[in-house]
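The block underneath contains the structure these notes are about, expressed in structure tokens.
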Amino acid sequence: QVQLAESGGGLVQAGGSLRLSCAASGRTFSSVAMGWFRQAPGKEREFVATVNKSGGVTYYADSVKGRFTISRDNAKNTVYLQMTGLKPEDTAVYYCAARNSGTPYAQPFSYHAWGQGTQVTVSS
């Protein structure tokens, strides 16, 4: 089990960029896959990106491919989401999550630990 805390959200104009960070507290960070999810008002939480335990394998939702990049620094117990070319439809609360496995996966039910979320708002 790990504890997670997101940061880096804010207000940005369409076409702009943001980098989200998620700091983890536990020794097990380097042993588990990490994911980013988001939830917009009135919508279900959806998958954004995931990375395996070593950082070498990544997967993305079709809606963010080519614009977002997930990465991790295990020495710093931190996972990142670099977002570029932001669109108004990217507006949501973004959550990082840890899976009880080293293999990346897209479904939120497979993640056992979640951060509190950080708000990203993209204006047109």
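The values are calculated or read from the model by the stated rules, or taken from the named source; none is laboratory data. Note that the coordinates shown come from a computational prediction; the quantities given were computed from them, not determined experimentally. FYI the Cβ positions are ideal-geometry reconstructions off the backbone, even for glycines, and counts take in every protein chain you see. Remember, those area values only see protein heavy atoms, side chains included, never the ligands or the DNA or RNA. Shrake-Rupley method; radii C 1.70, N 1.55, O 1.52, S 1.80 Å.
Please list, ordered by residue number, the strands (runs of 3 or more DSSP E) wholly in region 18-86 having 2 or more residues that are small (Gly, Ala, Ser). If you could, list the steps in order and put the result at the bottom.
Working: elements: 18-24, 34-39, 46-51, 58-60, 68-73, 78-83.
Those strands (runs of 3 or more DSSP E) span 18-24.
Note down all Cβ pairs under 8 Å where the first residue falls in region 1-17 and is within 12 Å of Met83 (Cα to Cα), the second is of a type in the set (Lys, Arg), and they're at least six residues apart or on different chains.
So the pair list comes out as Gly8/Arg19; Ala14/Lys87.
Return the pair list, or none, for Cβ contacts closer than 6 Å from residues in region 20-47 that are among the aromatic types (Phe, Trp, Tyr) to residues that are in a helix (DSSP H, G or I), at least 6 apart or on different chains.
Going by the 6 Å Cβ cut-off, the qualifying pairs are Phe37/Pro108.
Name the residue, out of Ser101, Ser123, that is open to solvent by less than 50 Å² (accessible area, probe 1.4 Å), out of contact with any Gly (no Cβ under 7 Å at 6 or more places or on another chain) and either modelled with pLDDT under 95 or farther than 26 Å from Leu11 by Cα (or both). Let's see the steps before the verdict.
Working: Ser123 fails: either modelled with pLDDT under 95 or farther than 26 Å from Leu11 by Cα (or both).
Exactly one residue qualifies, and that residue is Ser101.
Against the definition (touching a Lys or Arg at 6+ places or on another chain (Cβ under 9 Å), open to solvent by less than 50 Å² (accessible area, probe 1.4 Å) and farther than 17 Å from Ser7 by Cα), how does Phe47 come out, yes or no? Please lay out each step first, then the result.
Numbers: touching a Lys or Arg at 6+ places or on another chain (Cβ under 9 Å): yes; open to solvent by less than 50 Å² (accessible area, probe 1.4 Å): yes; farther than 17 Å from Ser7 by Cα: yes.
So Phe47 passes the test.
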